[in-house]
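Undergrad: Quick one: structure below, then a few questions.
The values are calculated or read from the model by the stated rules, or taken from the named source; none is laboratory data. All values derive from a computational prediction rather than experimental measurement. Quick reminder, even Gly has a Cβ in these numbers, built from the backbone with ideal geometry, and neighbours come from all protein chains shown.
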Amino acid sequence: MKETISANVGGRAFTLDRDAYDRLSDYLSDVRNRVNDPTDEIMADIEAGIADIFSQTLSSQGMVVTLQMVEATISRMGKPEDFGPARTTTQPKSEVKQLRRSKKDRSIAGICGGIANYFNLESSLVRLVVLLFILFGGLSLWVYIILWLLIPEEE
């Protein structure tokens, strides 16, 4: 006696035995990992193809999809390797950008140089904007001093 599972494959309901379900689930996961752009539409097309093959293979709706049927379907659809190389499961660590006072590009405390480096701007432009804010925009010199104390210096 084998356990059976009802599953929706490509928008159609099928009854699969446990081994067939596990194999099909592993296959679809592997394919999703290998497709360049694993959007829902691409995976839906693959599942629809599998559902068409199951429908052609089963003589009646009450039949159960077996492991042999899944293996035959996989051989018709193509191995996961046929969909491309596997993507790495771990994403490369991206360097976290941190706001730091500049050691190299500084006039007073490196605040403007650090802000320019963080936002990828020209430091003289940032200095000019800060000066204009201090003179005409109401930015207090105290804010600059507080930033000097709060923002750590580059290593």
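Undergrad: Can you pull out every residue in region 28-87 that is exposed (fewer than 13 other Cβ atoms within 10 Å of the Cβ), among the small types (Gly, Ala, Ser) and either under 26 Å from Lys2 (Cβ atoms) or touching a His at 6+ places or on another chain (Cβ under 8 Å) (or both)?
TA: Those that are exposed (fewer than 13 other Cβ atoms within 10 Å of the Cβ), among the small types (Gly, Ala, Ser) and either under 26 Å from Lys2 (Cβ atoms) or touching a His at 6+ places or on another chain (Cβ under 8 Å) (or both): Ser29, Ser59, Ser60, Gly62, Ser75.
Undergrad: So if I check each of Ile46, Ile42, which one is touching a residue at least 24 places away in the same chain (Cβ under 8 Å) and either assigned to a helix (DSSP H, G or I) or of a type in the set (Val, Ile, Thr) (or both)?
TA: After applying the criteria, what remains is Ile46.
Undergrad: Continuing with the same structure: Please indicate, with yes or no, whether at least one residue in region 89-111 is touching a residue at least 12 places away in the same chain (Cβ under 8 Å) and closer than 30 Å to Val35 by Cα.
TA: Checked against the condition, which is being touching a residue at least 12 places away in the same chain (Cβ under 8 Å) and closer than 30 Å to Val35 by Cα, region 89-111 yields at least one hit.
Undergrad: Check whether at least one residue in region 49-58 is charged (D, E, K, R), in contact (Cβ under 8 Å) with a residue 40 or more places away in the chain, closer than 30 Å to Arg18 by Cα and in the same structural domain as Tyr27 (by TED's automatic domain parsing), and report yes or no.
TA: Yes - at least one qualifying residue is present in region 49-58.
Undergrad: What about Tyr118, is it among the hydroxyl-bearing types (Ser, Thr, Tyr) and under 32 Å from the mean Cα position of the chain (by Cα)? Steps first, please.
TA: Working: among the hydroxyl-bearing types (Ser, Thr, Tyr): yes; under 32 Å from the mean Cα position of the chain (by Cα): yes.
Judged against the criteria, Tyr118 is a match.
Undergrad: Can you confirm whether region 4-18 contains a residue that is more than 24 Å from Arg87 (Cβ to Cβ) and in a helix (DSSP H, G or I)?
TA: Yes, region 4-18 contains at least one residue that is more than 24 Å from Arg87 (Cβ to Cβ) and in a helix (DSSP H, G or I).
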